[in-house]
Amino acid sequence: MRWRTTLAVSFSAVILASACAQPGTTGTSSAPSPSAAGSAAAFKRGDGGELKILYWQAPTILNPHQATGTKDSDSSRLAVEPLASWGPDAKPIANALAKEIPTVANGGVSADFTTVTWKLKDGLKWSDGSAVTADDVAFTFSLIKDPASAATTEDNTEGVKSVVAKDASTVVLTYDAPNPNFYQWGVGTCCGILQKKQFADFTGAKLKDAPGNLKPIGTGPYQVDTFKPGDVVTYTINPNFRDPNKPFFKTVNFKGGGDAESSARAAFQTGDVDYAWNLQVTAGVLKPMIDSSTKGKMLTVYGSSVERILINFSDPNAPGDQRGEPTTKHPFFNGADGLTVRKALALATDRKTVAQQFYGNGLSGKPGCNIITGIPEFESTATQSFCDSFDVTAAAKMLDDAGWKLGADGVRAKGGVKLNILYQTTVNAVRQNTQALMKTNWEKAGFKVELKSVPAGTFFTNTSPDGANHFWSDIEMFTNNSDPDPTSYLNGWTTKQIAQKSNNWQTGNYNRYSNAEFDGIIDQLRKETDPAKRATLVKKANDILILDVVIIPIVTRTQVTSGISSTLKGVVPTGWDSEMYAIQDWYK
Amino acid sequence: MGRYIARRLLIAIPTIIVISFVVYAILALAPTDPLSQFGADPRVPPEVRARIREALGLNDPWPIRYVKWVSALARGDFGTSFMSHSSVMDLIGQRLPNTLAVVGVAYVIGVILAVPIGMISAVRRYSFFDHFATTFAFVGFSVPTFFTGLLLIIVFSINLRWFPFIYDSTLQIHDVNSFIDQVKQSIMPITVLALFDTATIARYTRAEMLEHLPLDYVRTARSKGLREQVVVLRHVLRNSLIPVVTLVALGVPAVFGGAIVTEQIFRVPGIGELLVRSIGDGDTPVVAAILLIFAVLVVLFNLIADVLYAVLDPRIKYT
Amino acid sequence: MAAPATEMTKSNVLVGTITRPPRSLWKDAWWQFRRHRLAMIALGTLLLLVAFTLIGPLLYHTPIDTIDFTQALKGPSAAHPFGTDDLGRDILARAMFGGRVSIAVGITAVLLAITLGTSIGALAGFFGRLDNPLMRFTDLFLSLPILPLLLVIIYLFRDSLRAAFGPELGIFLMIVGVIGVLTWMPVARLVRASFLSLKQKEFVEAARSIGARDRRIIVKHILPNVLSPVLVAATIGVGGAILTESTLSFLGLGFPPDVPTWGRILFDARNYLDIAPHWAIFPGLCIFLTVLSINFIGDGLTDALNPRKTS
C-alpha cells in the first residue's frame, strides 16, 4: 500500500551505523555546521540591509502544507520551520525547532523503531510573542493528516499512528509499525510547524480559507510583512527569533516571475539580486555570464536529480482504448529482441556531450549513470562501463545483426516494423538542444526520430494526452528526484504502479514496466532492516532499471543551481531540503 | 440613437452570458491541470492528488461547475484561486494598478503619438519623415516583443546601467524621487509596448488619410481659402478617424488582458501575466473571472465605438 | 512653311480613342502599379525572398541540422554566410528552409483572416438586420482566450489532422487555421465601419437606381473602396502571423522544435544577443524585409486600385 510504512530500514539505519562508528556524535552533519549553537558570530542581528531573492516562479501561497511547488515551500520556510532540516549530506541537522536530533543512541528513538521523541528548544516563541509548545506540533500533525484538509504534504504522515504532546516541550511520535525511516515525519519541507492558535478555527475543509495561508505566524528568522500572491513577498525580522544575534538582513524581498535566463542576468550582470534560484540555463549562455561576472558567483550542490529518458514498454499507437495500455507491447522496445533494440538506443546516447555542452560539465550537471544517486552508500558502480560507452557504429551493427536492416529511407525495419520514435519532453531550451543532439545520433544508428515539445503545464498532468502519464509517445524525457530514502521512489517502477486507463493514469510507473524480480526486490526493501543489505537491494534495483534499459539516465543535475551575490556569505546549500533552510546564517 | 444604445445594452446581457458559457466550456475542456505543478513528484501520490481535486471542486462535471460559478457571480463572489486560495478580486485588484501604470500608459502614449505621426506621413507622403516613420513602424511590428524587450534590457540595464529591469510593484509614489524611480522602472516596458501600438495605429491613420486627401471636398475646402492646417485637422482628420476609433476600441480591452510577453520579460505583475500563468496552472476561477471582465469590456467598447461612428459620420444610421 | 499642327478634328479625336484597346480594371491597376517605384522594388524584394526560400536550398547544399560544437556561435564566414548557432548548425540553410514555412504561414493565414473578416464585415455593414447577430458573433470571438482555445483545438484535432495529412501538412493546416480564425475580427470591424459609412453615399444610391442588385453593389462598388484598411490589416497581419507562429512554437503548440521557422530562430537566439548577435540579426532581417515589402506592395496596390489616381 503505502511506500514508507512497516518494517523498512532506511538510510537512517545507515546513519545509525555510521554514528556508532564515529566518536560520540549524534549523527548530525559534519559539513560546516549551520546549526545555531552560538557559533562565533561574524555579525549581529539587523546589521544588514535588504536581501533580494529572485525566483522565476512566483510564490502563490505561504502555508507549506498547501504548497504547489518549490517556490511555495521555499518562501514559507523563512517564517515557518519544521522540527529539523536535512543537511547537505542527507542527514538531519537540528537548526530549527528541535533541541537535538533524536537517535537510538541518545534515547530519542526507541529500540524497536516505533517511537521518536522530539524535544523542543528552550524558550521558543512564535513571531507574535506567544510560546511555542508541543501542542502546536501535535496540532499541525493532525491538521495535515486530516483528509478533509487536502494537505499536499500528507504523504509523509502515512504510517504515523500519532503525534502527542507529552509535556509543554516534548513531542512523542508513534509509528503504526517499526519504521527505520524514523525521520519520516518532522524533518524537511513536509513538516513546517504551524501555530495552533492561528489555525484552530480553520481545520479540515476550512483550511483553504485560512488567512494564515497568506500570512503565517512562524518561528523562523523572518515574518511576513506583505504578500502579493504570484508576485512578491516582503519580510521583516522576527523579533522573537530564538537566536538574538541572527538574522543579519533587516528585510527580505522575495520576488517571483520571468524566466531563468533573465534571473541569471540579474545575478551575474547587474547584481540586482543577491540570490537567483534554479538557473536552468544552457551552459553556452551561463558560462560566459559567470566568467565575466564581478558581481555574482554560482552556488551548486548535487542531490538526487537525474534527467532521464523513459522507454515505453506498451504500444503508444495501439488503436482506440488500447492505446498505451499495459496489455499491449511496444513493437520494438518490447518485442522478441526488445532488449537488443533498447541497448542499441542506449549505446547511441551521447550523455557526455550533453553534460559538456549544455550543462557545462560540472557547472549544472555531470553525465548520469544511475537513477539512484547522491548518497554514496547507494551509488552503484556496476553501471559504469555501460554508462561510459557511446558508439553509434556499434549500435548500428547491433541492430543490423539482429535483423533490423536499413531501408531505402534510411530507417531500419524488420518484419514490417520500422524503428520510428516519437520523442517528447517539455518546452525548455536545454531539453530541445538535447533532443536535437539525440536525434542526430539515433538517426545515424538507423532510427527515425520525430521531436515533440509540450508546455510543462500540460506535460505533468494525468489529464493530458500529451502528458508524461499517458505516455502516448515512444520515449519521453524529464527530471525527477528522490528523498534520502529511495524506497518510495523505486516503488514507482513496480507492476502495481503501472499507469493506465483504469486508474486514470495517476500512478507512477509511466513506463508500463513489469518485472517480477524487480517487484520482489522492492518488497524486500520495505522489510529489510540491515543497512548493508538495504544498500545492496537499492543498488540491485538501480542496476535492473539501468541494465535492462528501462530508463536511460542522461545527466545528474545539480539540485541547487543558484546564482548568488559575490558578497553573500554563510550560504551552505543542501541537496535534500529547501534552499532557504538556513537563511538565518547568511550575511554579507 | 438613445433607443439604439438602450437596445444594445439589453442585448449585451445575453451576449455576455453566452460568451461566458463558451469560455468556461473551453477552459474546462483544455487539458490543463492545477496539479501539474507537482510534476512527477512521488511525494504527492494519487490519493493526495485526488483529495486536492475533490477539495477544489473539480470532480463535478463542468456544466455544474459553470452553474455554481454563475450563481456565485450573481452574489458578487468572483471565486477563489486554486493556487493561492485568495479571492480572485483581490488578485485582480493587486494587479490592476501595475497593468494600468505600464500597459495603459503605453497605450495612451501610443494613440497620442500615432495620430499625428500618421497624419504627417500622409500629408507629406514619401518624404523623409514618412520613410523614417514607416521603417520605424515596421520595426515595431515585425520584431517580436520578447526581442525588443530583451534588446532594451541589454542596452539600458546591463550595458548602460540606466534602468532597473526587475519591476518593483511595492514602489509607492509619494514624492518626486519615487516618481522618477517609477518612470525608470517602467520606461522600458512602456517603450516596447508603445512602439507596437504607435506603429499599428499610425499605419491605419496614414492609410485612411491618404484615402481622403484627394477627395473633392478637400479641394473645395482649399479653394474656399481655408488654411491647409484647418483643412487637414478639421475636415480630413475627423473623417479619417473611423478606423482609428475601431482600433482603439478593440485595443482597450486588450490593455486589460494583453501584454503577456512584455509583462513576463520585465516581471511586471500585471493582469496579462496572471492570466497566462493561471491558464498554464489550470487555475480556472482566476481565468474565468478575468475573461469575463474582458468580455464585458469588449462588448462595452464595441458599443462605444459604434456610437462614435455615428457621431463622426452623421450619415451612418443604425436600423 | 510651318509643320501643320495636328488639328483637333472630330475624326482625330475618335481615332485617338479607338486605337487604344479597352483595358480591364486589373490591367489598368497593374499598369498603375508599375509606375509606383517603391512598390516595384518591394515586389522584387518579396519575389527574391520567396526564391531564397524555395530555390535557395537547391543551390546551397549545407544541411540544416548538422551538429558541430567546434563551429558553434561563429559569426558570418565563407563557410557559413549567416554564421552558426549554439549547436554549430548553419543559419543560412536554416533560414532558407524555415523561411518557406514562415512565409507560407504568414501569407496563407492572413488570406484566410482577410477573407473571413471582409465577408463578415461586409455583410454586417451592408445588411442592417445581419449587423447585430454578426457583430455579437464577432464579440464572442474577440473574447475567446487564445491559449486555452489553442490547447483545446490541438487536443481535439491534432491527431486527426496528423493522420489525414501527415505530420508537417497537418500542423501547417492547424496553425494557419488557428491564426486565421483568431485574427479576422479587427478586419471585420474595420470593413463594417467602412461599409456603414459608404453605404450612405450617392454612388450606391445611383447604382441601386439603375437596378444593381445587392451582391453587385457590395462586390463591385463598395468593396474596392474599403480596400485601404483591409490592405493595411493584411500587411500588418503577415508580420503578426509569422510572429504568432513563433509564439506558438515556443509554447510548444506549433511546429516541432526542429523546424527552424524565422520566428523560432529568433526565439532560440534571444539569449545570445550579447554573445552572438548574428544569430538573431539575420532571421530578424528576413522577417523585417518580408513585412516591409508587403507593406509597400500594399501601398502600390492602394494607389493602383484607386480610381481617382488614373492619369
Starting from the amide H of A:F478, placed 1.01 Å from N in the peptide plane, find each other amide H under 5 Å away whose residue is 5 or more places distant or on another chain.
A:R308, A:L310
Based solely on its DSSP helices, what 222 nm [θ] is calculated for chain C when runs of n ≥ 4 H residues each add -39,500 (n - 2.57) and the sum is averaged over all residues, nearest 500 deg cm²/dmol?
-23000 deg cm²/dmol
Once both labels are modelled 7 Å past Cα along the beta-carbon direction, what's the C:Y155-A:D122 spacing in nm?
6.0
Once the convex hull of the alpha carbons of the protein assembly as shown is built, what does its volume come to per residue, in cubic angstrom?
210
Specify the inter-centroid distance of the stretch B:99-113 and the stretch B:11-78, based on alpha-carbon positions, in whole Å.
33
Assuming R0 = 41 Å, can you tell me the calculated FRET efficiency for the pair C:D65 and A:D401, based on Cβ-Cβ distance, to the nearest 0.05?
0.90
Return the long-range amide H neighbours of A:K166 (sequence gap of 5 or more, or a different chain), with a cut-off of under 5 Å between placed amide H atoms.
A:V171, A:V172
Exposure proxy check: C:Y60, C:Y155 ranked by fewest other beta carbons within 10 Å?
C:Y60, C:Y155
What FRET efficiency do you get for A:A394 and C:K74 if R0 is 25 Å and r is their Cβ-Cβ distance, rounded to the nearest 0.05?
0.20
Run the quick spin-label model on B:S127 and B:N159: label points 7 Å from Cα toward the beta carbon, then report their separation in nm to one decimal.
3.2
Checking the a/c ratio against 1.5 first, then a/b against b/c, what shape does the Cα gyration tensor give for the stretch A:349-485?
oblate
Taking 2.2 N^0.38 Å as the expected size of a compact globular protein, what ratio does the Cα radius of gyration of the stretch B:1-71 give against it, to two decimals?
1.68
Largest-first principal axis extents of the Cα set of the stretch A:115-185 (Å)
35, 26, 15
Descending semi-axes in whole angstrom, ellipsoid equivalent of chain A, from the Cα gyration tensor
42, 28, 22
Looking at chain B from every direction and averaging, what is the projected area of its Cα convex hull in nm²?
22.4
Out of the trypsin sites (Lys or Arg not before Pro) in the stretch C:200-293, which ones are loop residues according to DSSP with at most 16 other C-beta atoms within 10 Å?
C:K201, C:R213
Give me a comma-separated list of calculated 3J(HN,Hα) values for the stretch A:297-306, in order, Karplus coefficients 6.51, -1.76, 1.60 applied at θ = phi - 60°, integers in Hz, x for any Gly or Pro.
9, 8, 10, 9, 7, 8, x, 10, 5, 10
If A:I583, A:I421 are placed from fewest to most neighbouring beta carbons inside 10 Å, the sequence is A:I421, A:I583
Along the Cα→Cβ direction, 7 angstrom out, place labels at A:K161 and B:L73. What is the inter-label distance in nm?
5.3
Mind putting a number on the dipole of the protein assembly as shown about its Cα centre? Charges go on the C-beta only, +1 for Lys and Arg and -1 for Asp and Glu, and I need it in Debye to the nearest 20.
4140
Hydrodynamic radius of the stretch C:95-203 per Kirkwood, over alpha carbon pairs, in Å:
15.4
Per residue of the stretch A:501-514, what does 6.51 cos²θ - 1.76 cosθ + 1.60 with θ = phi - 60° give for ³J(HN,Hα)? Whole Hz please, x for Gly and Pro, Karplus curve as stated.
4, 5, 10, 6, 6, 8, 7, x, 8, 5, 5, 6, 8, 9
Mean Cβ neighbour count within 10 Å, used as a protection proxy, ranking C:140-146, C:181-187 highest first:
C:181-187, C:140-146
Using Cβ counts within 10 Å as a stand-in for footprinting exposure, how do B:M89, B:M83 rank, fewest first?
B:M89, B:M83
Cα-based Rg and Dmax for the stretch A:302-558, in Å, come out at 17.5, 57
With every atom except the alpha carbons ignored, what do you get for Rg and Dmax of chain C, in angstroms?
24.8, 89
Give the residue list of chymotrypsin sites (Phe, Trp or Tyr not before Pro) in the stretch B:158-267 that are DSSP loop and have at most 12 other beta-carbon atoms within 10 angstrom.
B:W162
For the stretch A:301-445, with only Lys/Arg (+1) and Asp/Glu (-1) charged at the beta-carbon, what is the dipole magnitude about the Cα centre, in debye rounded to 20?
280
Per-residue [θ]222 nm for chain A (sum of -39500 (n - 2.57) over DSSP H runs n ≥ 4, rounded to 500)
-7000 deg cm²/dmol
Alpha-carbon centroids, the stretch B:245-284 and the stretch C:43-103: separation in whole Å
35
Which three lengths, in whole Å and largest first, does the stretch B:203-319 cover when its Cα atoms are put on their principal axes?
64, 38, 17
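Readers should treat all values here as calculations from the given coordinates under stated rules, not as data from a laboratory. The model shown is predicted, which means the values in this text are computed figures rather than measured ones. Note that each Cβ is placed from the backbone with ideal geometry, even for glycine, and that neighbours are counted across all protein chains shown.
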